[in-house]
Amino acid sequence: MENRFPIQNGTRSFENITLVEEIRPGLFVFGSLQDSIYLYDEAKAQVTNLRNRVSLKGPHDRLGSITSILYDPIQAQLWISSSRGGVMRFDRHFKLMKHYQKENGLSESYISSMTRDKENRIWAVTGRVLYRLNQMEDLFYPVKLYGVPTQEFTLYGGSCLSSDGNIYFPGNKGIVSFFPGA
(Lines give C-alpha, C1' and ligand atoms only; values in the text may rest on other atoms or scores of the structure.)
Protein backbone atom coordinates (compact mmCIF):
# COMPACT_ATOMS: atom_id res chain seq x y z
CA MET A 1 0.00 0.00 0.00
CA GLU A 2 1.34 3.40 -0.94
CA ASN A 3 -0.02 6.58 0.55
CA ARG A 4 3.10 8.73 0.82
CA PHE A 5 4.01 10.46 -2.41
CA PRO A 6 7.19 12.49 -2.82
CA ILE A 7 6.67 16.22 -3.22
CA GLN A 8 9.17 19.06 -3.30
CA ASN A 9 9.21 19.62 0.46
CA GLY A 10 8.84 16.03 1.68
CA THR A 11 5.92 13.67 1.16
CA ARG A 12 2.15 13.95 0.85
CA SER A 13 -0.67 11.55 1.55
CA PHE A 14 -3.99 11.46 -0.29
CA GLU A 15 -7.07 10.24 1.55
CA ASN A 16 -10.65 9.56 0.52
CA ILE A 17 -9.70 9.09 -3.12
CA THR A 18 -12.50 7.91 -5.44
CA LEU A 19 -10.56 7.64 -8.73
CA VAL A 20 -7.01 7.45 -10.04
CA GLU A 21 -6.22 8.08 -13.70
CA GLU A 22 -2.76 8.20 -15.26
CA ILE A 23 -3.08 10.61 -18.18
CA ARG A 24 0.57 10.48 -19.26
CA PRO A 25 3.44 8.46 -17.86
CA GLY A 26 3.99 9.73 -14.31
CA LEU A 27 1.17 12.31 -14.47
CA PHE A 28 -1.87 11.31 -12.41
CA VAL A 29 -5.25 12.77 -11.59
CA PHE A 30 -6.74 11.78 -8.22
CA GLY A 31 -10.43 12.47 -7.60
CA SER A 32 -11.57 12.71 -3.99
CA LEU A 33 -14.72 12.35 -1.94
CA GLN A 34 -14.13 15.79 -0.52
CA ASP A 35 -14.31 18.43 -3.22
CA SER A 36 -10.80 18.02 -4.65
CA ILE A 37 -9.15 17.05 -7.93
CA TYR A 38 -5.42 16.52 -7.50
CA LEU A 39 -2.96 16.62 -10.39
CA TYR A 40 0.17 14.78 -9.28
CA ASP A 41 3.34 15.04 -11.37
CA GLU A 42 5.65 12.28 -10.20
CA ALA A 43 8.74 13.53 -12.07
CA LYS A 44 8.44 17.09 -10.73
CA ALA A 45 7.15 15.93 -7.31
CA GLN A 46 4.35 18.51 -7.56
CA VAL A 47 0.69 18.49 -6.54
CA THR A 48 -1.89 20.91 -7.89
CA ASN A 49 -5.50 20.99 -6.74
CA LEU A 50 -7.52 21.64 -9.91
CA ARG A 51 -10.52 22.49 -7.71
CA ASN A 52 -8.95 25.93 -7.28
CA ARG A 53 -9.36 26.50 -11.03
CA VAL A 54 -13.13 25.93 -10.95
CA SER A 55 -15.28 28.96 -10.13
CA LEU A 56 -18.46 28.00 -8.35
CA LYS A 57 -21.46 30.33 -8.14
CA GLY A 58 -21.72 30.81 -4.40
CA PRO A 59 -19.45 30.58 -1.37
CA HIS A 60 -21.22 27.43 -0.20
CA ASP A 61 -21.22 25.65 -3.57
CA ARG A 62 -19.02 22.59 -3.81
CA LEU A 63 -18.00 20.00 -6.35
CA GLY A 64 -18.79 17.15 -3.97
CA SER A 65 -17.25 13.79 -4.80
CA ILE A 66 -15.41 13.24 -8.06
CA THR A 67 -17.30 10.54 -9.96
CA SER A 68 -15.47 10.25 -13.32
CA ILE A 69 -12.17 11.20 -14.90
CA LEU A 70 -11.69 10.90 -18.67
CA TYR A 71 -8.64 11.99 -20.59
CA ASP A 72 -8.87 12.59 -24.33
CA PRO A 73 -5.32 12.26 -25.70
CA ILE A 74 -6.40 13.35 -29.19
CA GLN A 75 -7.86 16.69 -28.07
CA ALA A 76 -5.58 16.82 -24.99
CA GLN A 77 -8.59 17.52 -22.79
CA LEU A 78 -9.43 16.31 -19.31
CA TRP A 79 -13.10 15.68 -18.48
CA ILE A 80 -14.17 15.42 -14.83
CA SER A 81 -17.63 14.85 -13.35
CA SER A 82 -18.75 15.27 -9.77
CA SER A 83 -21.68 14.61 -7.47
CA ARG A 84 -22.49 18.31 -6.96
CA GLY A 85 -20.63 20.30 -9.61
CA GLY A 86 -21.66 18.87 -12.98
CA VAL A 87 -19.04 18.25 -15.67
CA MET A 88 -15.79 20.15 -16.16
CA ARG A 89 -13.52 20.24 -19.21
CA PHE A 90 -9.86 21.27 -18.87
CA ASP A 91 -7.35 22.01 -21.64
CA ARG A 92 -3.86 20.53 -22.11
CA HIS A 93 -2.50 22.97 -19.51
CA PHE A 94 -5.24 21.97 -17.03
CA LYS A 95 -7.00 25.31 -17.25
CA LEU A 96 -10.78 25.13 -17.02
CA MET A 97 -12.31 25.48 -20.49
CA LYS A 98 -15.96 24.96 -19.57
CA HIS A 99 -18.07 24.04 -16.57
CA TYR A 100 -21.25 22.24 -17.73
CA GLN A 101 -24.30 22.60 -15.51
CA LYS A 102 -28.04 23.29 -15.96
CA GLU A 103 -27.49 26.09 -18.47
CA ASN A 104 -25.58 23.60 -20.62
CA GLY A 105 -28.39 21.05 -20.80
CA LEU A 106 -27.91 18.96 -17.64
CA SER A 107 -31.04 18.67 -15.48
CA GLU A 108 -28.93 18.66 -12.34
CA SER A 109 -25.32 18.93 -11.20
CA TYR A 110 -25.31 15.42 -9.71
CA ILE A 111 -23.36 13.32 -12.22
CA SER A 112 -23.19 9.61 -11.35
CA SER A 113 -20.80 8.58 -14.09
CA MET A 114 -19.40 9.57 -17.46
CA THR A 115 -17.81 7.67 -20.37
CA ARG A 116 -16.68 8.07 -23.96
CA ASP A 117 -17.79 5.89 -26.89
CA LYS A 118 -15.71 4.61 -29.80
CA GLU A 119 -16.46 7.82 -31.74
CA ASN A 120 -15.04 9.84 -28.80
CA ARG A 121 -18.47 11.22 -27.85
CA ILE A 122 -19.10 12.01 -24.18
CA TRP A 123 -21.98 10.32 -22.32
CA ALA A 124 -23.04 11.16 -18.76
CA VAL A 125 -25.71 9.97 -16.35
CA THR A 126 -27.30 11.92 -13.54
CA GLY A 127 -29.36 10.14 -10.91
CA ARG A 128 -32.00 9.13 -13.48
CA VAL A 129 -31.16 10.60 -16.90
CA LEU A 130 -28.71 9.63 -19.65
CA TYR A 131 -27.11 12.50 -21.60
CA ARG A 132 -24.93 12.82 -24.68
CA LEU A 133 -22.76 15.84 -25.35
CA ASN A 134 -23.52 17.42 -28.71
CA GLN A 135 -19.98 18.52 -29.58
CA MET A 136 -21.08 20.93 -32.33
CA GLU A 137 -23.33 22.87 -29.95
CA ASP A 138 -21.23 22.08 -26.87
CA LEU A 139 -24.41 21.20 -24.92
CA PHE A 140 -25.67 18.06 -23.21
CA TYR A 141 -28.96 16.55 -24.42
CA PRO A 142 -31.05 13.90 -22.65
CA VAL A 143 -31.34 10.57 -24.45
CA LYS A 144 -34.55 8.52 -24.22
CA LEU A 145 -34.03 4.83 -23.61
CA TYR A 146 -37.19 3.08 -24.82
CA GLY A 147 -38.21 -0.09 -23.03
CA VAL A 148 -35.91 0.60 -20.06
CA PRO A 149 -37.58 1.11 -16.66
CA THR A 150 -36.80 4.38 -14.90
CA GLN A 151 -33.94 3.74 -12.55
CA GLU A 152 -31.31 5.43 -10.50
CA PHE A 153 -27.83 5.17 -11.92
CA THR A 154 -25.23 4.06 -9.40
CA LEU A 155 -22.94 6.75 -7.98
CA TYR A 156 -19.29 5.65 -8.33
CA GLY A 157 -20.60 2.66 -10.27
CA GLY A 158 -18.41 3.43 -13.23
CA SER A 159 -19.30 2.54 -16.76
CA CYS A 160 -18.00 0.25 -19.44
CA LEU A 161 -17.36 0.59 -23.14
CA SER A 162 -17.25 -2.97 -24.46
CA SER A 163 -15.15 -4.19 -27.36
CA ASP A 164 -18.27 -4.31 -29.58
CA GLY A 165 -19.04 -0.62 -28.88
CA ASN A 166 -21.88 -1.05 -26.38
CA ILE A 167 -21.95 1.21 -23.33
CA TYR A 168 -22.97 -0.11 -19.93
CA PHE A 169 -24.12 1.94 -16.91
CA PRO A 170 -25.09 0.18 -13.65
CA GLY A 171 -28.28 1.12 -11.85
CA ASN A 172 -30.66 0.06 -9.11
CA LYS A 173 -32.88 -2.00 -11.47
CA GLY A 174 -30.10 -3.58 -13.47
CA ILE A 175 -27.55 -2.60 -16.06
CA VAL A 176 -28.49 -0.28 -18.90
CA SER A 177 -26.73 -1.39 -22.07
CA PHE A 178 -27.02 0.39 -25.41
CA PHE A 179 -25.19 0.82 -28.68
CA PRO A 180 -24.61 4.55 -29.25
CA GLY A 181 -24.80 4.29 -33.06
CA ALA A 182 -23.85 7.09 -35.42
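The values are calculated or read from the model by the stated rules, or taken from the named source; none is laboratory data. These numbers come from a predicted model, not from an experiment. Ligands, DNA and RNA are excluded from the accessible area calculation, which covers all protein heavy atoms including side chains. Shrake-Rupley method; radii C 1.70, N 1.55, O 1.52, S 1.80 Å.
Couple of notes before you dig in:
- The length gained on full extension between Asp61 and Glu108, counted as 0.36 nm times the residue separation minus their Cα-Cα distance, comes to 15.6 nm.
- Reported label for calculated mean projected area of the Cα convex hull in nm² given (1) 15.3; (2) 13.4; (3) 11.6: (3)
- Taking the chain as a Gaussian network of alpha-carbon nodes connected by springs under 10 Å, the highest mean-square fluctuation of the residues Gly31, Gly85, Gly165 belongs to Gly165.
- Accessible area of the stretch 1-120 belonging to carbon and sulfur atoms, whole % at 1.4 Å probe: 44 percent
- Tensor-based shape of the stretch 100-141 (alpha-carbon gyration tensor, a/c under 1.5 rounded, otherwise prolate or oblate): oblate
- Excluding ligands, DNA and RNA, the accessible surface per residue across the chain is 54 Å² with a 1.4 Å probe.
- In sequence order, calculated HN-Hα J values of the stretch 94-101 (Karplus, 6.51, -1.76, 1.60; Hz; x Gly/Pro): 6, 9, 5, 8, 7, 10, 8, 9
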